[in-house]
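A.B. asks: One structure follows; several queries about it will come next.
Rule-based calculations on the coordinates, nothing more; no lab input. Since we're looking at a predicted model, the values are computed, not measured. Cβ coordinates were reconstructed from backbone atoms using ideal geometry, including for glycine residues, and neighbour counts include every protein chain displayed.
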Protein chains: 2
Amino acid sequence: MHNKYLVTDEWKIIEDRWNPSLHQGSESLFSIGNGFMGQRANFEESYSGQSLQGSYLGGVYYPDKTRVGWWKNGYPEYFAKVLNSVNWIGIRFRVDGVELDLAQLKVLDFYRELNMKEGHLLRRFKVEIREGLTFEAEVCRFISMKRKEIGAISYQFKIKGGDVPVEIIPYLDFDVENHDSNYDEKFWEGLEENVATQKAVIKARTRKLDFQVAAAMRYELYHNESAPLPLYPEESTRDKYAENAFTLQAKAGEKYSLYKYAAICSSFHYPKDSLVAKADELASQARRDGFKTLWAEQKADWQQRWEQSDISIEGDAEAQQGIRFNIFHLSQTYTGEDARLNIGPKGFTGEKYGGSTYWDTEAYCLPFYMASAGKEVARNLLVYRYNHLEKAIENAAKLGFSNGAALYPMVTMNGEECHNEWEITFEEIHRNGAIAFGIYNYVRYFGDEAYLAEYGLEVLMAIARFWAQRFNWSESKKQYVMLGVTGPNEYENNVNNNWYTNYLAKWCIEYAAEVYARVAEMDPAALQRIVAKTGFNAEGELKQWQEISSNVYFPVNEELGIVLQQEGYLDKEQRMADDLELSERPINQHWSWDRILRSCFIKQADVLQGFYFFEDHFSKEELERNFDFYEPRTVHESSLSPCVHVVQAAYLGKMDKAYEMYLRTSRLDLDDYNREVHEGLHITSMAGTWMSVVEGFGGMRVRNGQLHFNPRLPEHWKSLAFKINFRNSVLKIRLSSQDHAIEKLSGDSVEVVVHGETISL
Amino acid sequence: MHNKYLVTDEWKIIEDRWNPSLHQGSESLFSIGNGFMGQRANFEESYSGQSLQGSYLGGVYYPDKTRVGWWKNGYPEYFAKVLNSVNWIGIRFRVDGVELDLAQLKVLDFYRELNMKEGHLLRRFKVEIREGLTFEAEVCRFISMKRKEIGAISYQFKIKGGDVPVEIIPYLDFDVENHDSNYDEKFWEGLEENVATQKAVIKARTRKLDFQVAAAMRYELYHNESAPLPLYPEESTRDKYAENAFTLQAKAGEKYSLYKYAAICSSFHYPKDSLVAKADELASQARRDGFKTLWAEQKADWQQRWEQSDISIEGDAEAQQGIRFNIFHLSQTYTGEDARLNIGPKGFTGEKYGGSTYWDTEAYCLPFYMASAGKEVARNLLVYRYNHLEKAIENAAKLGFSNGAALYPMVTMNGEECHNEWEITFEEIHRNGAIAFGIYNYVRYFGDEAYLAEYGLEVLMAIARFWAQRFNWSESKKQYVMLGVTGPNEYENNVNNNWYTNYLAKWCIEYAAEVYARVAEMDPAALQRIVAKTGFNAEGELKQWQEISSNVYFPVNEELGIVLQQEGYLDKEQRMADDLELSERPINQHWSWDRILRSCFIKQADVLQGFYFFEDHFSKEELERNFDFYEPRTVHESSLSPCVHVVQAAYLGKMDKAYEMYLRTSRLDLDDYNREVHEGLHITSMAGTWMSVVEGFGGMRVRNGQLHFNPRLPEHWKSLAFKINFRNSVLKIRLSSQDHAIEKLSGDSVEVVVHGETISL
């Protein structure tokens, strides 16, 4: 099924031969970024083969005109697109008049490496320019973790077979496209282009929203690493574009090194009128400090990151590579300094899905960032939603809700809804619950109750208000019901009484009331402020909440001892995923939508997502009955599906199932299980892999403020080791089947429970 | 709410003053057609104001690239659009150098009349060209009912205030657009343009499907109706366009008459290489015969049509005008000579909705055409579906059905599905049942059982096969259920066990089995042919049909004594349509889709549609309980909703409700209730008006092969009279509150039952 062409290595992703048909996928896999921007592994030189050129800036997006079949009231006006931004890597080479283009020339040798330990992309290749004349290069590129605006390239090359002129053209280019533009528009308009000797700076704006971005470059050419060569380039510009072009009389066998430094500053971070000067200054500074200094900074930064977030797996090199690959991409997608940013499904590796934020963030990503990146980073993920509260209230109002009820968007860039399929946009409302659960999870993990008074309660109240209005009284059932929803299993639409949604909604209402009481006790002034701001009618609303949450209808089947995914689920023909022909799978590529909807097949954890969130609310036996019922009906056609099942299967001691599921999540992109890696990586599901390892095999849980481990490793894993932040400490954990070792690296003293035994650190 | 600007007249639609803001609506209302082609009431001369230029040819469409948000498997590749075709009416005038354009000049007088009795459009107007100089004209236009390719125009004009040159430019133009093109494409490509003195013929093809159309023109200019003037025009062409331009030295006060004849031939009817010659020949013939002859033919044809189909209402001039308006448009939309044509929702009056055929044809239009146009015309409507059977089987196969099961499309031009919202396309499958019901209805009406052996049974079997597969066994209910459907009430999507669909499906299966047995008895050879062709396993399939149809689940509420629109309907908050604020109505313009879906509000008859089709299956009390429950929850936001309610309300003696509903259907377009007449007319719902009058107030039913009348007229109606075809007779019926008169005009002897009393004719 999958596509294995990468060399297994614990710290590197390596491609050791040239295969043009895999290149666009490799462009995704070998992407680099720094949380503020990212760049697919496009080539610096010209490339006329299949490629998705992609350079992305966090927070800079385009509100593309929505494409719908039939418009429905309440649909958003636009679909926010991750925006392909300035091509800052470009360096054209013409070797003795021949354009350097791997799609056109004979490639004699090719090697590409994503160095995850040090945070750079390396490429070596050798091509035949014509018979007897070869060009070979070693290209190293990174986006600086320390200097958020800086990208640097070292392009070292040699000619063999004769002295020839090499024309070299470093450039900057905003004249780029989005492949997924709905109406084939270009999104950038040029504002200015400045060019001089060995430097350029250009500026452009996006249509509609007027994001402005300036990109500056510097470069130098060295011969045998001595002093930089004096250059007399031809300088030229056109709309959205600037270049230097010069000709080097290259000597055969000699090594030349071109260093290119780019600085990209956007109006997301800087005032518009300062952008050109700022980019120019930062590029200039980068050149003065030089590639080696920047590179050393990069190594040091990544060393520190890995100190905090590495997971090592002894005895399974592929699993080791897989988990590091996932951690690496998560770490370069979101770094947590800016609460306006979030984690897009494809991060900085592709255009697909647009938007930046799904419920994935709270449901799947938060645990990784809490443990690996720490409290401040995790807190910023929560504040992101706090900052969007007003828009979530407006969004709910559009759908007819009132009194400050909030419905967070399914997909968003800035708090506004972007998604436009009614069954998702208007009905997949469980997302609201995940956002509340994120707050609960964060406070449980860090004990940061002050967050509740400062930000959390307001969000929780607005969400509770939404649910209280969204339930309706059924005269026929004499209970509160929730009609017309889509649960996490998107292979059901517009169902009534989805168990997960009802359960989560009821919990949200109860938790909001609980936090309300807690803040009243802890910080009465804050409460007063919040009550005044929200016009909360404490007596009436709390009573109404209690009335509703104590009387919610849940579909169950007592005979089977299970809860029902939704009312009527057992009216479906009951088949197992294993009964499906291989030729029918994935069903979303082979079956019409109605057939999927009326089948019993489940896309991703739905009931089990509820059991995952609220494991402590249920007995192990209840979980097991539901797991045994639902997992065999689950086709796992969402990248977010396997991880929840790993955690539960491991907990239930179903280790074969756990490992089977683990393989589907950990190397999803590396081995291209879904044949879509060319579109970008599945960034958010990578956090699910982390969950699988740490919560699944490591058995990590937080209960009553204490960290628990009940490790159950796959048989061939000798050990599993990782570091985590917990409360105010950093811990180093090493687990194996035989023993465990837990060490506090820094912070307050803390108690950890392993297999029921309490250890004080 | 509505928009009354037309003069009430029993036989005419009259607009007696110029109002540019209403013009586009009038263009729809005053449309003319002949079943093969149609033309909106655009002006012949230039018009730079708001207008929807529309000239449509039956069967000539464009498969526009579908526009969707997210693509789903099984969606059709294209959306068939009614295609705006050649502008054949165009005649430009430049009066003393001033372009004649009612949007730019001062209109001194304006009168427009749709003469329904004689089938033509008349316009008189007077404009000021400049101070002291006026131009006045009387323009008459029709599309010949007798000569299907011919349109004719008489343009008589006078100048007052001086002798001035008038430049006159008759032209033909394929360079036209569709307003609703998804991607702003032009759909026509020019093939040839020929022009000579007083004649032109041009030819174009549609992109993709290569429909070819040739349009030819002739014209003549008369002075005071004497001999035609000798003309020396400048002839010119450009791509897709041809014109003659000449200048008349017009004398003040003299009457000039321009006659333009156009012939339009399409490859839908003629071989492609014959089109130019054919159009040219027909135009030439028309000119030779002359306007007066053509006009006399037209009058005679309409006289005969009205003989067959008129309804006269004494005592209610508006109702009289309304019903004739509806009959007029139905008669010029579909004339039944060609089984490849059908009745589009907007007929030849606008672009909206694309496609030509919805379930409207069988559910709403068939009764009108049976009674008014007779057996052959009605039969062609049925044969249309027979001819699409193979594509309906392919369509079902795409959705996973097998063994010759057929799912007819929701919207189609040629049998292929065009609609692409999953909840409609894949789930509004009750349309299949309406097609079966159409066969039943036709055979019941005409007693034409031979149709069953020849065509009907094959269709019925394929439909029954579909339903037999579409039901699934519910282990939980121990009955057959139907999951994931959309009923006629499109304000519910993806519901389980929609009562109407389940009832209709069960009936279809039973009716197919019954017809199977009848054909076996009546025409064993035909049965043998059909069994062989369809691979029908008589024993197995008939047994399975019986097993399913005898054990279908129906949602009911015994306490209320009603059937339930679908499972769970009573979990909804129960509100009445009258409780809605005016500002919220229509809810489809004010509420988000999820809110509509989870409300109890009903768009159009759903349960009651079932009671309408199968009135004899239920007691009057059952109907009344369901009517009293559902009608108050119905918002009638489909133009197809009121008519069913008129029929039932009249039957139940609820005359106020019946008349209220009647007003909403009979003058829907004339008084522009929905503020959308500028987009075209609601052709199919016009047939619902006919149903309201004949079946509602007239109380006409067919039971056991006999025609029944139980008239109940609105109080102020003195009488209601109409003619109908029934079996092999033509009857003239006159009903009033006091008495009735029924006369056989032609055909076999027949028995009619009025108020229970049998009359032999």
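A.B. asks: What percentages, rounded to whole numbers, describe P(r) for chain A computed over all alpha carbon pairs with 10 Å bin width beginning at zero?
C.D. replies: Per 10 Å bin, starting at 0, the Cα pair percentages come out as 3, 14, 23, 25, 19, 11, 5, 1, 0.
A.B. asks: Moving to a separate point now. For the protein assembly as shown, compute Rh as the Kirkwood radius over C-alpha pairs and then the Stokes-Einstein diffusion coefficient at 10 °C and 1.306 mPa s; write the answer in µm²/s, rounded to an integer.
C.D. replies: It diffuses with D of about 43 µm²/s by this estimate.
A.B. asks: Of A:ILE202, A:CYS643, B:TYR56, whose Cα points farthest to the positive end of the dipole of the protein assembly as shown (charges on the beta-carbon: +1 Lys, Arg; -1 Asp, Glu; origin at the Cα centre)?
C.D. replies: Sorting the options by dipole projection puts first A:ILE202.
A.B. asks: Given charges of +1 on the Cβ of Lys and Arg and -1 on the Cβ of Asp and Glu, with all other atoms neutral, how large is the dipole of region B:34-306 about its Cα centre, in debye to the nearest 20?
C.D. replies: Numbers: 39 positive and 40 negative charges, 174 e Å.
With only Lys, Arg, Asp and Glu charged at Cβ, the dipole is about 840 debye.
A.B. asks: A further question follows. Using DSSP, restrict attention to beta bridges with both residues in the protein assembly as shown and report what percent are antiparallel, rounded to the nearest 5.
C.D. replies: Bridges in the protein assembly as shown are about 95 percent antiparallel.
A.B. asks: For B:MET576 and B:ASP175 in the same chain, what is the full-extension length gain: residue separation times 0.36 nm, less their Cα-Cα distance, in nm?
C.D. replies: 139.3 nm
A.B. asks: In what sequence do A:SER267, A:SER226, B:SER181 fall when counting other Cβ within 10 Å, fewest first?
C.D. replies: Listing A:SER267, A:SER226, B:SER181 from fewest to most nearby Cβ atoms yields A:SER226, B:SER181, A:SER267.
A.B. asks: Could you derive backbone 3J(HN,Hα) for region B:532-541 from the dihedral phi with the Karplus parameters 6.51, -1.76 and 1.60 (θ = phi - 60°), listing whole Hz in sequence and x where the residue is Gly or Pro?
C.D. replies: Working through the residues one at a time gives 5, 5, 9, x, 6, 8, 3, 4, x, 6 Hz.
A.B. asks: Then there's this: Between B:ILE129 and residues 5 or more places away or on another chain, which pairs have amide H atoms under 5 Å apart, with H built 1.01 Å from N, and which residues are they?
C.D. replies: B:THR134, B:PHE135
A.B. asks: Per residue of region A:214-226, what does 6.51 cos²θ - 1.76 cosθ + 1.60 with θ = phi - 60° give for ³J(HN,Hα)? Whole Hz please, x for Gly and Pro, Karplus curve as stated.
C.D. replies: Result, rounded to whole Hz: 10, 10, 10, 9, 9, 7, 8, 10, 10, 10, 6, 6, 7.
A.B. asks: Next question. Using modelled amide H (1.01 Å from N, peptide plane; none on Pro or chain starts), what sits under 5 Å from the amide H of B:SER719, excluding residues fewer than 5 places away?
C.D. replies: Distant-sequence amide H within range of B:SER719: B:GLU314.
A.B. asks: Please work out the FRET efficiency for the pair B:GLN50 and A:LYS718, using the Cβ-Cβ distance as r and a Förster radius of 51 Å; give the result to the nearest 0.05.
C.D. replies: Working from the Cβ atoms, E equals 0.05.
A.B. asks: Would you mind computing, in nm to one decimal, how far apart the modelled labels at A:ALA397 and A:ASN224 are, each placed 7 Å from Cα along Cα→Cβ?
C.D. replies: That separation, rounded to one decimal, is 7.3 nm.
A.B. asks: Please give the contour-minus-distance gain from A:LYS186 to A:ARG67: 0.36 nm per residue of separation, less the Cα-Cα distance, rounded to one decimal in nm.
C.D. replies: 41.2 nm
A.B. asks: If each label sits 7 angstrom from Cα along the C-beta direction, how far apart, in nm, is A:GLY132 from its counterparts in the other copies?
C.D. replies: 9.3
A.B. asks: Farthest toward the dipole's positive end in the protein assembly as shown, which of A:LEU582, B:VAL383, A:ILE724, given Cβ charges of +1 (Lys, Arg) and -1 (Asp, Glu) about the Cα centre?
C.D. replies: B:VAL383
A.B. asks: Could you give me the percent of Cα pairs per 10 Å distance bin for region A:32-308, shortest bin first, beginning at zero and ending with the bin that holds the maximum distance?
C.D. replies: 7, 28, 34, 22, 8, 2, 0
A.B. asks: Further question: Please determine, in degrees from 0 to 90 and to the nearest 10, the orientation of helix B:431-446 with respect to the longest principal axis defined by the Cα atoms of chain B, where the helix direction is its Cα long axis.
C.D. replies: On a 0 to 90 degree scale, this one is about 80.
A.B. asks: Based on DSSP H runs of at least 4 residues, each adding -39500 (n - 2.57), what is the mean residue ellipticity at 222 nm of chain B after dividing by all its residues, to the nearest 500 deg cm²/dmol?
C.D. replies: That comes out to -9500 deg cm²/dmol.
A.B. asks: Where a ≥ b ≥ c are the square roots of the eigenvalues of the C-alpha gyration tensor, would you call region B:430-578 rounded, which needs a/c under 1.5, or, failing that, prolate if a/b is larger than b/c, or oblate?
C.D. replies: Prolate is the answer for region B:430-578, as a/c is 1.5 or above and a/b outweighs b/c.
A.B. asks: Okay, moving on. Might you report the magnitude of the Cβ-based charge dipole of region A:1-131 about its Cα centre, with Lys and Arg at +1 and Asp and Glu at -1, to the nearest 20 debye?
C.D. replies: In total the dipole reaches around 420 debye.
A.B. asks: Taking neighbour counts of Cβ atoms within 10 Å as a proxy for exposure, in what order, fewest first, do A:LYS72, A:LYS4, B:LYS208, B:LYS572 appear?
C.D. replies: A:LYS4, B:LYS208, A:LYS72, B:LYS572
A.B. asks: Round to the nearest 0.05 the FRET efficiency obtained for A:GLU559 and B:ASP748 when R0 = 41 Å and r is the Cβ-Cβ distance. Please report the intermediate quantities before stating the final value.
C.D. replies: Values: r = 64 Å, r/R0 = 1.56.
That gives a FRET efficiency of 0.05.
A.B. asks: Could you give P(r) for region B:1-140, binned at 10 Å from zero, as whole percent values over all Cα-Cα pairs?
C.D. replies: 10, 33, 29, 17, 8, 2, 0
A.B. asks: Treating cross-link reach as a plain straight distance, find the lysines whose alpha-carbon is under 27 Å from the alpha-carbon of A:LYS160, omitting any fewer than eight places away in the same chain.
C.D. replies: Cα-Cα hits under 27 Å: A:LYS106, A:LYS126, A:LYS251, A:LYS255, A:LYS260, A:LYS292.
A.B. asks: By how many degrees, between 0 and 90 and to the nearest 10, does the Cα long axis of helix B:317-333 differ from the longest principal axis of chain B?
C.D. replies: Helix B:317-333 and the main axis of chain B meet at about 90 degrees.
A.B. asks: Give me the number: length gained by fully extending B:ALA252 to B:LYS4, i.e. 0.36 nm times residue separation minus the C-alpha to C-alpha distance, one decimal in nm.
C.D. replies: Full extension of this stretch gives 85.5 nm more.
A.B. asks: Let me ask another. Under 5 Å between amide hydrogens, which residues at least 5 positions from B:GLY699 or on another chain qualify, with H placed 1.01 Å from N in the peptide plane?
C.D. replies: Those lying under 5 Å, H to H, from B:GLY699 are B:ASN710, B:ARG712.
A.B. asks: While we're looking at this one, here's another question. In chain B, what residue has the beta-carbon at the shortest distance from the axis of the rotation relating B to A, and what is that distance in angstrom, rounded to the whole number?
C.D. replies: Chain B residue with minimal Cβ-axis distance: B:ASN494, 2.
A.B. asks: Calculate the FRET efficiency for A:LYS620 and B:GLU622 from the Cβ-Cβ distance with a Förster distance of 45 Å, rounded to the nearest 0.05.
C.D. replies: For A:LYS620 and B:GLU622, the calculated efficiency is 0.30.
A.B. asks: Taking chain A as the reference, fit the longest principal axis to its C-alpha atoms, fit the long axis of helix A:20-29 to the helix C-alpha atoms, and give the angle between the two in degrees, 0 to 90, nearest 10.
C.D. replies: The two axes meet at around 60 degrees.
A.B. asks: On a straight-distance basis, which lysines could pair with A:LYS533 in a cross-link, Cα separation under 26 angstrom, same-chain partners fewer than 8 positions away excluded?
C.D. replies: Cross-link targets: A:LYS391, A:LYS398, A:LYS506, A:LYS543.
A.B. asks: Now, a different point. Using a 7 Å offset from Cα along the direction of the beta-carbon, what are the separations from B:PRO632 to the same position in each other copy, nm, ascending?
C.D. replies: In nanometres, ordered from closest: 5.0.
A.B. asks: Rounding to the nearest 20 debye, state how big the charge dipole of region A:389-572 is about its Cα centre with +1 on each Lys and Arg Cβ and -1 on each Asp and Glu Cβ.
C.D. replies: Using only the charged Cβ atoms, the result is roughly 300 debye.
A.B. asks: What is the projected area of the convex hull of the Cα atoms of region B:92-170, averaged over all directions, in nm²?
C.D. replies: Average of the hull's projected areas for region B:92-170 equals 5.9 nm².
A.B. asks: Compute the Cα gyration tensor for region B:663-715, then decide on rounded, prolate or oblate, letting a ≥ b ≥ c be the square roots of its eigenvalues: rounded whenever a/c is under 1.5, prolate when a/b is larger than b/c in the other cases, and oblate in all that remain.
C.D. replies: Oblate is the answer for region B:663-715, as a/c is 1.5 or above yet b/c matches or exceeds a/b.
A.B. asks: Let me ask something else about it. Which ³J(HN,Hα) values, rounded to whole Hz and listed in residue order, are derived for region B:80-91 from phi using the Karplus coefficients 6.51, -1.76 and 1.60 in 6.51 cos²θ - 1.76 cosθ + 1.60 with θ = phi - 60°, glycine and proline given as x?
C.D. replies: Running phi through 6.51 cos²θ - 1.76 cosθ + 1.60 with θ = phi - 60° gives 6, 10, 4, 9, 5, 10, 3, 7, 9, 8, x, 9 Hz.
A.B. asks: Given Cα pairs under 8 Å that are at least 6 residues apart, what percent is the relative contact order of region A:32-308?
C.D. replies: RCO, region A:32-308: 19 percent.
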